[in-house]
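Down below is the structure, laid out as C-alpha cells.
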Amino acid sequence: MAGLDLTGKTAIVTGASRGIGLATAQAIAAAGGNVVLTSRSQESADAAAAQVNGNAIGVGAHATDEDAARTCVEQTIERFGSLDILVNNAGTNPSFGPIINQDHSRFAKTFDVNVWAPVLWTGLAARAWMGEHGGSVVNTASIGGMAFEAGIGTYNASKAALIHITKQLALELSPKIRVNAVAPGVVRTKLAEALWKEHEEAVSASTALGRIGEPEDVAAAIAFLVSDAAQWITGEIMTIDGGQLLGDALPFRQGASVGG
C-alpha cells in the first residue's frame, strides 16, 4: 500500500508562520518532503522555517500579491527542482457581525485572501509545474462553510465558496492534479481565538471527542491528502472537527453508559 513518504516531493505552504500552516509544514518535512513556508514578511517566514526539522526555507509573500506569489513559485522550482504539493492555508477574518453591516473593504479582504488567493496560487502552480508533471493541492476551508453562525457569516461564506471552488478545480485540473480541502472545526489557533479562548471547557464538553482541535490534527490530515496514500482521492472535503459539526454531544452523554 502507498504510504505517507514524501521524500523527493516539494511543497509550498501559504500562511505558514504559525498554527495549521506551520504544523503542516512540519508534518510534510517529517515525512521527508522539502517545504517552502510563506508569510507576509520575510522575517516571519524565516522564523517559521527555523522551526521545521528538515529541508525548509521561508519566503515573504503576501497571499494576494500576484508578483510575490509568482516569484515564490519560480524560486521553489529553481531551488528544489519541482513543485509537487501546494497547501493554500493563508486565511483571514477581519469582519464580525451581520453580513449586510460589513463595509466593502472588510468584505473584499475576506474574499481576496480566503478565495482569490487559493485560485491565484493554484493557477501559478499548475502552469509552472503541476499541469505537466502532476501534483496535489489542499485548501484549508472550515466547517463554517457548511453551517450558519451569528457574527461570522462573511467568513463562512468565503469558506463555502472555497469548498465549491475546490470541487470545481478537481474537475478542471484532472487528471494530472488532485485538489482537495480540509474543513477544520474549532482549532487552537490565533485566528480562531474568539471561538475558544474564553470558553474552551464548554466547547470541549459539547464536542463529541471531548476537546478542541490542535493544529497537528489538521496537519496530519493534510499530510495524508498530499501523499500517494490518497492518490485516488480528489474533490473531497475532509472534515476534521472532533464531531463538532454533528451538534452538541452533551445531551447524548447524559445518563448514557456504554454497554449499559
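The values are calculated or read from the model by the stated rules, or taken from the named source; none is laboratory data. Treat the numbers as computed from the prediction; the structure is a model and nothing was measured. Cβ placement follows ideal geometry from the backbone for every residue including glycine, while neighbour counts extend to all protein chains displayed. Just the protein is used for accessible areas: all its heavy atoms, side chains included, with ligands, DNA and RNA removed. Shrake-Rupley method; radii C 1.70, N 1.55, O 1.52, S 1.80 Å.
Couple of notes before you dig in:
- Taking segment 121-155 as the range and being farther than 18 Å from V226 by Cα and open to solvent by less than 10 Å² (accessible area, probe 1.4 Å) as the test, the residues that pass are G144, T154.
- Pairs, first among the β-branched types (V, I, T) in segment 83-99, second part of a loop (DSSP other than H, G, I, E, B) and surrounded by fewer than 21 Cβ atoms within 10 Å (Cβ to Cβ), C-beta under 8 Å, six or more apart: T92/L191
- Every pair of residues 6+ apart whose Cβ atoms lie under 7 Å, when the first sits in segment 155-179 and is in contact (Cβ under 8 Å) with a residue 60 or more places away in the chain while the second is assigned to a loop (DSSP other than H, G, I, E, B) and charged (D, E, K, R): none
- Neighbours by Cβ (under 8 Å, 6+ apart or cross-chain): first from segment 17-28, under 19 Å from S41 (Cβ atoms) and without any contact (Cβ under 8 Å) to a residue 60 or more places away in the chain; second part of a helix (DSSP H, G or I) and open to solvent by 30 Å² or more (accessible area, probe 1.4 Å): S17/S44; S17/A47
- Segment 247-260 residues that are closer than 18 Å to I143 by Cβ and modelled with pLDDT under 60, paired with ones that are aliphatic (A, V, I, L, M) and surrounded by 11 or more Cβ atoms within 10 Å (Cβ to Cβ) (beta carbon under 7 Å, 6 or more apart): none
- Residue check for F252: open to solvent by 80 Å² or more (accessible area, probe 1.4 Å), part of a helix (DSSP H, G or I) and farther than 23 Å from V115 by Cβ: yes
- Scope segment 80-101; condition open to solvent by 30 Å² or more (accessible area, probe 1.4 Å) and either in contact with a helix residue (DSSP H, G or I) (Cβ under 6 Å, 6 or more places away or on another chain) or of a type in the set (F, W, Y) (or both); matching residues: F80, G91, N93, P94, F96, I99
- Enumerated strands (runs of 3 or more DSSP E) restricted to segment 1-72, each holding at least 2 residues that are open to solvent by less than 10 Å² (accessible area, probe 1.4 Å): 10-13, 34-39
- For segment 184-199, the count of residues that are modelled with pLDDT of 95 or more and within 25 Å of V73 (Cα to Cα) is zero.
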